[in-house]
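Chemist: Mind having a look at this structure? Questions to follow.
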Amino acid sequence: MFSKILVANRGEIAIRIMRACEEMGIATVAVYSELDRDALHAGRADESFLIGPGPAAESYLVVEKIIEVARESGADAIHPGYGFLAENAVFARACEKAGITFIGPPADAIDAMGSKTRARELMEKAGVPIVPGTTEPVEDVAAARKVIDDTVGYPVAIKAAGGGGGKGFRVALTEGELEDAFEGASREGEKFFSDGTVYVERYLPDPRHVEVQILADTHGNVIHLGERDCSVQRRHQKLIEESPAPAVDEELRERIGKIATEAAAAVDYVGAGTIEGLLQDGEYFFLEMNTRVQVEHCVTEMTTGIDIVKEGIRAAAGEALGYTQDDIELRGHAIECRINAEDASKNFAPAPGSIGAYSEPTGPGVRIDSGVGPGGVVSPMYDPMVAKLIVWDADREQATARMLRALGEFEITELKTLIPFHKALLASDQWAAAETCRDLVEDKKWLKELAFPKAEPSDSEAEEPKIERDYSVEVSGKRFEVKVIGAALAGGGAAASNGGGRGAPKRRERSSGGAASSEELPSPLQGTVLKVAVKQGAEVEEGALICVIEAMKMENEITAHRSGKVEELTVTEGASVAAGEKIAKIV
Ligand code: MV4
């Protein structure tokens with residue numbers, strides 16, 4: 001077994017991996033950027049190394065730097081977590097070359113699954129059902145038109161071969177939409193993966209996203225740990241995941257489990273991985289394989305009792321899996337809500353910032369994996385996930401009630417999160433009926449009801465130190481001596497209680513950064529302007545699309561914060577914007 005593992009990640013997953021290492025008696029090494037000096041993951045490891053400035057391209061993504069720290073610290077293995085250097089075959093090979101074990105599958109398996117067309121071809125050969133369509137790249141629109149007319153039929157999904165997770169995914173319901181869809185998918189593939197190659201799939205109108213967790217070792221054992229339903233997504237970002245999937249029974253579980261283990265075996269997989277697929281009318285189709293530990297692995301840990309991260313580490317060390325398929329028993333129901341710093345009422349706009357008070361839910365059946373704490377910061381530079389809240393109970397209905405209870409206990413002030421969204425969604429009839437909730441997460445009117453109060457939250461006064469003062473007051477001409485107990489008034493000469501409260505200066509920061517004028521729309525994040533949807537002088541409704549900003553490989557729609565006339569428009573397509581920079585002035 002390894003004696004020291006470098007965790008090449010940040011946030012909750014870095015801490016999750018360190019917890020597994022601690023329990024296994026393995027020392028941990030953290031890496032952190034200049035922005036993450038105070039981050040929890042950096043403070044938790046046995047050793048921590050600064051690897052560069054805030055931007056991931058200059059820190060968490062620099063292969064040579066990470067390998068250098070592994071060498072310097074004497075780590076014998078590197079865990080990439082998810083995102084950053086996970087699923088990066090170049091990095092896996094660099095580790096191998098440096099004599100350090102990459103905790104994940106062989107680089108060839110990453111490559112095989114990284115190209116979606118190659119993966120489809122391999123899976124088809126292995127007898128795994130794929131969504132009907134092409135397994136070869138489609139050259140141009142004319143070629144796409146032909147193959148759709150001859151075999152696939154409309155509606156179609158056009159997907160980037162280098163893609164995955166919905167990046168470079170366009171739909172053409174009719175031939176009239178084909179050209180735009182083709183070009184859109186190709187452009188996005190080129191931009192994100194330097195590969196404009198696309199392929200064609202039949203578009204399934206309302207499938208469920210069902211994925212199977214697998215574990216494999218170097219001794220030829222592959223098992224599955226049942227499935228997760230991740231159908232509640234927004235712009236291909238999963239928001240809620242659960243296990244077991246409501247639409248999967250014992251018979252179907254066995255069938256898709258077999259499909260998943262065969263898919264993994266076909267690429268000589270090692271470690272923890274996930275086969276993603278679409279389920280429609282009892283038919284299951286392979287979509288892609290995620291060659292890493294996923295955000296939502298926790299729901300499977302809750303229903304199987306198996307520590308997926310530890311099994312992945314053991315497999316990388318060459319140990320045999322601790323379980324056979326017959327050992328796997330699923331119990332009860334688990335649900336995970338991603339608590340992102342996002343404003344669902346504003347098109348899920350990222351809402352990075354500082355956390356004020358912070359208190360996590362506890363109690364029976366509750367698990368929380370978080371990467372920040374009280375006074376922590378969610379930087380616009382990184383993923384906006386604050387925490388994952390996972391609950392377990394005997395069945396779906398009770399797990400839902402437990403999640404609503406736990407969401408109610410979660411206290412986060414001064415930061416907008418998806419907590420109100422999750423509360424509303426889990427209380428909906430659609431969720432109760434185990435529907436995909438697709439129309440609900442797109443329902444602008446419903447989402448708008450989740451708006452955060454505009455004014456400063458008045459309950460934050462409760463955190464402020466209380467003072468006592470005696471006053472003489474006159475009520476209808478009669479004098480009373482009264483004692484007033486309450487928060488100090490800001491700027492009130494005698495009420496000088498600015499001492500230890502951390503709330504007061506924070507609020508000042510926020511009002512200068514965010515709402516210098518209520519007419520100005522500041523950018524919630526740093527990124528590149530992909531599209532400007534309005535012209536200067538235009539009249540817009542509150543919620544109308546102003547521009548699209550790409551950050552962290554995500555497209556973020558920035559919408560009007562109020563109705564009015566776009567008096568100033570300070571962004572242009574292709575330009576970069578800083579967090580807090582003015583996008584527009586709407587009067
Ligand atoms: C699809 C699809 C329909 N037909 N592919 C791909 C990435 C993943 N995030 C969702 N993806 C989809 N691929 C074909 N051929 C529909 C989706 C999809 C989806 C699927 C299940 C549940 C929710 C979804 C939300 C958006 C898109």
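The values are calculated or read from the model by the stated rules, or taken from the named source; none is laboratory data. Every value quoted in this text rests on a predicted model; they were computed, and no experiment measured them. No Cβ is skipped: glycine too gets one built from the backbone with ideal geometry, and neighbour counts run over all protein chains shown.
Chemist: Taking GLY127, is it part of a loop (DSSP other than H, G, I, E, B), within 30 Å of ALA75 (Cα to Cα) and either of a type outside the set (Val, Ile, Thr) or out of contact with any strand residue (DSSP E or B) (no Cβ under 7 Å at 6 or more places or on another chain) (or both)? Even if it seems obvious, please write down each step before you answer.
Modeler: Details: part of a loop (DSSP other than H, G, I, E, B): yes; within 30 Å of ALA75 (Cα to Cα): no; either of a type outside the set (Val, Ile, Thr) or out of contact with any strand residue (DSSP E or B) (no Cβ under 7 Å at 6 or more places or on another chain) (or both): yes.
So GLY127 fails the test.
Chemist: Is the range 130-139 home to any residue that is more than 14 Å from the ligand (Cβ to nearest atom), crowded, with 16+ Cβ neighbours inside 10 Å and part of a helix (DSSP H, G or I)?
Modeler: Within the range 130-139 (the criterion being more than 14 Å from the ligand (Cβ to nearest atom), crowded, with 16+ Cβ neighbours inside 10 Å and part of a helix (DSSP H, G or I)), the answer is no, since none of the residues qualifies.
Chemist: Now, a different point. If TRP431 satisfies all but one of (1) over 24 Å from ASP38 (Cβ atoms); (2) of a type in the set (A, V, I, L, M, F, W, C); (3) away from the ligand (no atom under 16 Å from the Cβ), what's the number of the condition it fails?
Modeler: Exception for TRP431: condition (3).
Chemist: Right, another one. Could you say which residue among GLY318, GLY273, GLY257, GLY282 is under 29 Å from ILE339 (Cα atoms) and among the small types (Gly, Ala, Ser)?
Modeler: Going through GLY318, GLY273, GLY257, GLY282 in turn, the sole match is GLY273.
Chemist: Is it the case that the range 388-408 has a residue that's within 20 Å of PRO350 (Cα to Cα), modelled with pLDDT of 95 or more and not aliphatic (A, V, I, L, M)?
Modeler: Yes: one or more hits.
Yes or no, residue by residue, for (1) within 13 Å of the ligand (Cβ to nearest atom); (2) surrounded by fewer than 21 Cβ atoms within 10 Å (Cβ to Cβ):
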residue	(1), (2)
ARG228	yes, no
ARG235	yes, yes
GLU250	no, yes
VAL270	no, no
GLN280	yes, yes
LEU287	yes, no
THR300	no, no
ASP307	no, yes
GLU319	no, yes
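Chemist: Now, a different point. What are the residue pairs meeting all of these: first residue in the range 125-141, first residue at negative phi, second residue part of a loop (DSSP other than H, G, I, E, B), Cβ atoms under 8 Å, and 6 or more apart or on different chains?
Modeler: Pairs found: VAL131/LEU204; PRO137/THR197.
Chemist: I'm checking my understanding of the structure. Among residues of the range 97-113 that are in a helix (DSSP H, G or I) and in contact (Cβ under 8 Å) with a residue 60 or more places away in the chain, which one is nearest to the ligand (Cβ to nearest atom)? Spell out how you get there, then give the answer.
Modeler: We begin by selecting, within the range 97-113, every residue in a helix (DSSP H, G or I); these are 97, 107-113.
Subsequent filtering for residues that are in contact (Cβ under 8 Å) with a residue 60 or more places away in the chain retains 108-110, 112-113.
On the way: ASP108: 24, ALA109: 20, ILE110: 19, ALA112: 19, MET113: 14 Å.
Restricting to residues being in a helix (DSSP H, G or I) and in contact (Cβ under 8 Å) with a residue 60 or more places away in the chain, the top hit is MET113.
Chemist: Here are some residues: ALA70, ALA94, ALA75, ALA56. Which one is buried (at least 17 other Cβ atoms within 10 Å of the Cβ) and either of a type in the set (Val, Ile, Thr) or within 24 Å of the chain's Cα centre (by Cα) (or both)?
Modeler: On the way: ALA70 fails: either of a type in the set (Val, Ile, Thr) or within 24 Å of the chain's Cα centre (by Cα) (or both); ALA94 fails: either of a type in the set (Val, Ile, Thr) or within 24 Å of the chain's Cα centre (by Cα) (or both); ALA75 fails: either of a type in the set (Val, Ile, Thr) or within 24 Å of the chain's Cα centre (by Cα) (or both).
Exactly one of ALA70, ALA94, ALA75, ALA56 is buried (at least 17 other Cβ atoms within 10 Å of the Cβ) and either of a type in the set (Val, Ile, Thr) or within 24 Å of the chain's Cα centre (by Cα) (or both), namely ALA56.
Chemist: Can you find a residue that is touching a Gly at 6+ places or on another chain (Cβ under 7 Å) and assigned to a strand (DSSP E or B) anywhere in the range 248-264?
Modeler: Checked against the condition, which is being touching a Gly at 6+ places or on another chain (Cβ under 7 Å) and assigned to a strand (DSSP E or B), the range 248-264 yields no hits at all.
Chemist: Moving to a separate point now. Kindly provide the set of residues from the range 1-55 that are at positive phi and either assigned to a strand (DSSP E or B) or in contact with a His (Cβ under 8 Å, 6 or more places away or on another chain) (or both), ordered by number.
Modeler: Those that are at positive phi and either assigned to a strand (DSSP E or B) or in contact with a His (Cβ under 8 Å, 6 or more places away or on another chain) (or both): GLY11, GLY52.
Chemist: I need the full set of residues from the range 65-81 which are within 19 Å of PRO55 (Cβ to Cβ) and in a loop (DSSP other than H, G, I, E, B), in order please.
Modeler: PRO80, GLY81
Chemist: Something else about it: Give me the pairs: first residue in the range 233-262 and at positive phi, second residue within 11 Å of the ligand (Cβ to nearest atom) and assigned to a loop (DSSP other than H, G, I, E, B), beta-carbon distance under 7 Å, and six or more apart or on different chains, which are they?
Modeler: HIS236/GLY165; HIS236/GLY166
Chemist: Considering each of ILE339, ILE328, ILE368 in turn, give the residue that is within 25 Å of SER231 (Cα to Cα) and free of Cβ contacts under 8 Å to residues at least 40 places away in the same chain. If you could, list the steps in order and put the result at the bottom.
Modeler: On the way: ILE339 fails: free of Cβ contacts under 8 Å to residues at least 40 places away in the same chain; ILE328 fails: free of Cβ contacts under 8 Å to residues at least 40 places away in the same chain.
Every option except ILE368 fails the conditions.
Chemist: Still on this structure, please answer the following. Which residues, taken from the range 140-154, are assigned to a loop (DSSP other than H, G, I, E, B) and within 14 Å of the ligand (Cβ to nearest atom)?
Modeler: Our first condition is that a residue be assigned to a loop (DSSP other than H, G, I, E, B); within the range 140-154, this holds for 140, 153-154.
Listed by number, the residues that qualify are GLY153, TYR154.
Chemist: Would the range 391-399 turn up any residue that is in contact with a Lys or Arg (Cβ under 7 Å, 6 or more places away or on another chain) and buried (at least 16 other Cβ atoms within 10 Å of the Cβ)? Show your work before the answer.
Modeler: Start the filter on the range 391-399 by keeping residues that are in contact with a Lys or Arg (Cβ under 7 Å, 6 or more places away or on another chain), which leaves 391, 393.
Among the residues that remain, those that are also buried (at least 16 other Cβ atoms within 10 Å of the Cβ) are: 391, 393.
Taking every residue of the range 391-399 in turn, at least one turns out to be in contact with a Lys or Arg (Cβ under 7 Å, 6 or more places away or on another chain) and buried (at least 16 other Cβ atoms within 10 Å of the Cβ).
Chemist: Does any residue in the range 547-572 that is in contact (Cβ under 8 Å) with a residue 12 or more places away in the chain and over 25 Å from PRO384 (Cβ atoms) come within less than 6 Å, Cβ to Cβ, of a residue that is part of a loop (DSSP other than H, G, I, E, B) and not acidic (Asp, Glu) six or more places away or on a different chain, and which pairs are these?
Modeler: GLY564/VAL587; LYS565/VAL587; VAL566/VAL534; VAL566/GLN536; VAL566/ALA538; GLU567/VAL587; LEU569/GLN536
Chemist: A follow-up question, please. Is it the case that some residue within the range 561-569 is in a loop (DSSP other than H, G, I, E, B), out of contact with any helix residue (DSSP H, G or I) (no Cβ under 6 Å at 6 or more places or on another chain), at positive phi and modelled with pLDDT under 95? Give the derivation first.
Modeler: Within the range 561-569, the subset in a loop (DSSP other than H, G, I, E, B) is 561-563.
Going one step further and asking which of them are out of contact with any helix residue (DSSP H, G or I) (no Cβ under 6 Å at 6 or more places or on another chain), we end up with 561-563.
Those left that are additionally at positive phi: none.
The answer is no, given that none of the residues of the range 561-569 is in a loop (DSSP other than H, G, I, E, B), out of contact with any helix residue (DSSP H, G or I) (no Cβ under 6 Å at 6 or more places or on another chain), at positive phi and modelled with pLDDT under 95.
Chemist: Inspect the range 280-303 for any residue being in contact (Cβ under 8 Å) with a residue 40 or more places away in the chain, among the polar types (S, T, N, Q) and part of a loop (DSSP other than H, G, I, E, B) and give the result as yes or no. Step through it out loud before you land on a result.
Modeler: Narrowing the range 280-303 to residues in contact (Cβ under 8 Å) with a residue 40 or more places away in the chain: 280, 283-300, 302-303.
Going one step further and asking which of them are among the polar types (S, T, N, Q), we end up with 280, 290-291, 294, 300, 303.
Narrowing the set further to residues that are part of a loop (DSSP other than H, G, I, E, B) leaves 291, 294.
Yes, some residue in the range 280-303 is in contact (Cβ under 8 Å) with a residue 40 or more places away in the chain, among the polar types (S, T, N, Q) and part of a loop (DSSP other than H, G, I, E, B).
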